[in-house]
Structures are given as structure tokens and as C-alpha cells.
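As C-alpha cells, the structure follows; a few thoughts come after it.
The values are calculated or read from the model by the stated rules, or taken from the named source; none is laboratory data. Bear in mind the structure is a predicted one, so any value in this text is a computation, not a measurement. Neighbour counts run over all protein chains shown; Cβ positions are idealised from the backbone, glycine included. When the accessible area is computed, the model is the full protein with side chains, heavy atoms only, and any ligands, DNA or RNA have been set aside. Shrake-Rupley method; radii C 1.70, N 1.55, O 1.52, S 1.80 Å.
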Amino acid sequence: MSIVVFGSINMDLVARTPRLPAPGETLIGHAFQTFPGGKGANQAVACARLSSLTWMVGRVGGDVFGDILIEELAAAGVNHTFVEVDPAVSSGVAIIAVDDQAENNIIVIPGANGNVGRDDLPRLEKAMEGAKILLLQLEIPMDVVVAAAKLAKEKAVTVILDPAPAQELPDELYSYVDIITPNETEAAALVGLSIKSVEDAEGVGQDLLIRGVNQVIVKMGGLGAHSVNSDGGKFYPAIPVDAVDTVAAGDAFNGALAVALSDGEPIEKAIRWGIAGGALAVTKEGAQPAMPERKELLALLKTQQ
Ligand code: RIB
């Protein structure tokens, strides 16, 4: 069964710097790099590299970045028939700084992603024929995220929402979402609580269950992930690796989680896949180039048995 990703497609313009700049500061960096990215496209590439039949639905601009971004999706094995070229705007772009500690900050200029709207829903509906899972994020307009999740719910397609970038959600959206995967910052924006411990993550998870989702997975970066569902809470430790770039680690997590679930694996195993996907992603530079292959992920999981 297939996985559909409805979301953003960006070109990432990356400055490698010794540390992240302070407000008003000019810093000399080490290097400039460009990588295909966008939370939606990264998750689609992760799914395809992990051997899932994957459809991307979204928009690129009528510029040179748009052509490259579509070529990159194709090269990764993502079906891009439902990616529209929007000649009126530029492609989405992310300006990213990555420091020597592998930390990052990101500014996203939505471009064509900001034009994703209800006109795109018929293509999404087609892509969802025979699909098991719909992956959503928040780099396209919120009203269309809500409409897409509603459509998926009506078709009994499992909705996994990555609530990134951090923001509050309309109440209605929670009732259409099966699995929500905030990191600590996003969880704080959703429920207004900061997360400093696994106990905090458990509290946030319980709050989100009450709002209507079935499964919460709080991604806690280098610590691991905390799962909360009606059976209770469970913490999953991270797999230690040498991190060079944490950009898109969360996207690798969601892609791997979705592929394991679409293969029919239970949620416990799918979370371990997510953790392994995120761990592998931080060992490589860039967003889409860092999404792991299935054999790498299986090899890493084997070392954890
Ligand atoms: O999650 C990482 C992604 O966030 C980057 O690829 C960038 O494009 C932004 O969307």
C-alpha cells in the first residue's frame, strides 16, 4: 500500500558556521551549500528510500529551483505526477544556518508552497486512492491542511501530522489526526507547556489525547522519543551517533515511522524505525541527501538488538 505526502518542497540554502549568530551579529561562515529540502518533500524522499511506493502532492515555482526539485524527487523514486509547477511564483526556499555542534536554525520563504490550496485537493484525492497513510506538516496553508486531513479521515487513510513549524492548531484538526509527532518546541506551542523531562512529555501527550488524537509521539532529539496512547506512556531512548547536521532529522523520523506502519508493523516497532531514521539522518549533511536507505536502517536496528 502507498504513502502520500501533501506538503512543502523547498530549496535549502545552507550556511555552515562555527556557531549560530546572535541578533545583529555578522559572522564569517565555513561554507555555502544547496540541498533539496522542504518538510513534505523530505518525508516523501525518506519513504521512497525506505522502499515505500510514495506520492508527493504539492507545488514548486516556475523557476530553475522548481525543475531541480522535481528532478530530485524523481531521482529518489518519489512519484511526482501530482506536483504542480506554479509559474506565477518562485519555489519555496529555506535559509539555514548549521553550526559546528550540528545545531541549526531555519527561515522558510514559502513561495509556491504558500499557493497550495483547495484546487490541489482533487489531485490529493487521486493520489490517496489505495493509500494507507497521509503525511502532513505545516509549511502549506493551515486551511488546506485541515481539509486534507478531513478528506483522508473520510477515506480511512491514517493521518500522521508533523506540527512543524511550531504553531497552535485549530481544534477541528485534532479530530482528523491519528498520530501527531511534535518535537519539544512544537509541543510547547500546541499546549502551552515547556518540555524539560519525560514527565513533561507525558503531560503534553495526555493533553493532546484529550484533544482527539489517538497517538502522540514527542520527538526529543538526542534523548529519544516519548509515546503516549490509550495504553499509557512509553519512552524510547535515542540511538547514539556522531551528529554532523540535525536538519530534517524529524522528517526522517516521520518517513521511517510511516513506512513501518504501512508495512503492517506495530506502533512500538514503527517508533524504533523512526528513531533509527532520525539517527541516520543526523550523520549526513543536508536534508534530502541525508534521508536513509532501507538497508542502512535495518543494519542500524540490528546493532540495537
Ligand atoms: O525539516 C527540515 C526542513 O525544514 C528543511 O529541509 C527546510 O526546507 C525546512 O522546510
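Remarks
- For segment 148-305, the equivalent ellipsoid built from the Cα gyration tensor has semi-axes of 24, 18, 15 Å, listed from largest to smallest.
- Rolling a 1.4 Å probe over the protein chains gives D99 an accessible area of about 20 Å².
- The mean sequence separation of alpha-carbon pairs under 8 Å and at least six residues apart, normalised by the residue count of segment 164-305, gives a relative contact order of 17 percent.
- Adding -39500 (n - 2.57) for every DSSP H run of four residues or longer, then dividing by how many residues the chain holds, sets the calculated 222 nm ellipticity at -11000 deg cm²/dmol.
- FRET efficiency for K153 and D119, using Cβ-Cβ distance with R0 set to 35 Å, rounded to 0.05: 0.95
- Here the dipole of the chain is about 660 debye; that uses its Cα centre as origin and unit charges on the Cβ of Lys and Arg (positive) and Asp and Glu (negative).
- Under 12 Å, Cβ to Cβ, from K302 - net charge with Lys/Arg +1 and Asp/Glu -1: +1
- Relative contact order (%) - the chain, alpha-carbon pairs under 8 angstrom, separation at least six: 18 percent
- Calculated FRET efficiency for the pair M142/S197, C-beta based, R₀ 35 Å, to 0.05: 0.70
- Label point distance in nm, L223-E172, each placed 7 Å from Cα along Cα→Cβ: 3.5 nm
- Here R211 and R294 are evaluated by their C-beta separation; at R0 = 30 Å the FRET efficiency comes out at 0.30.
- Length gained on full extension, E265 to M1: 93.7 nm, using 0.36 nm per residue less the C-alpha separation.
- Among I28, I160, I140, the residue with the largest mean-square fluctuation in a Gaussian network model of the chain, with springs joining Cα atoms closer than 10 Å, is I28.
- Pairs from the list K39/K150; K126/K150; K196/K302; K150/K269; K39/K302; K126/K284 with a Cα-Cα gap above 24 Å: K196/K302; K150/K269; K39/K302; K126/K284.
- DSSP-defined antiparallel bridges as percent of all bridges, segment 53-177, nearest 5: 40 percent
- The chain: translational diffusion in µm²/s, Stokes-Einstein, Kirkwood Rh over Cα pairs, 4 °C, 1.567 mPa s: 68 µm²/s
- Remark: segment 1-156 carries 42 Å² of accessible area per residue (probe radius 1.4 Å; ligands, DNA and RNA excluded).
- In this label model, K126 and A22 are separated by 5.4 nm, measuring between points 7 Å along each Cα→Cβ vector.
- When both bridge partners sit in the chain, DSSP labels roughly 45% of those beta bridges antiparallel.
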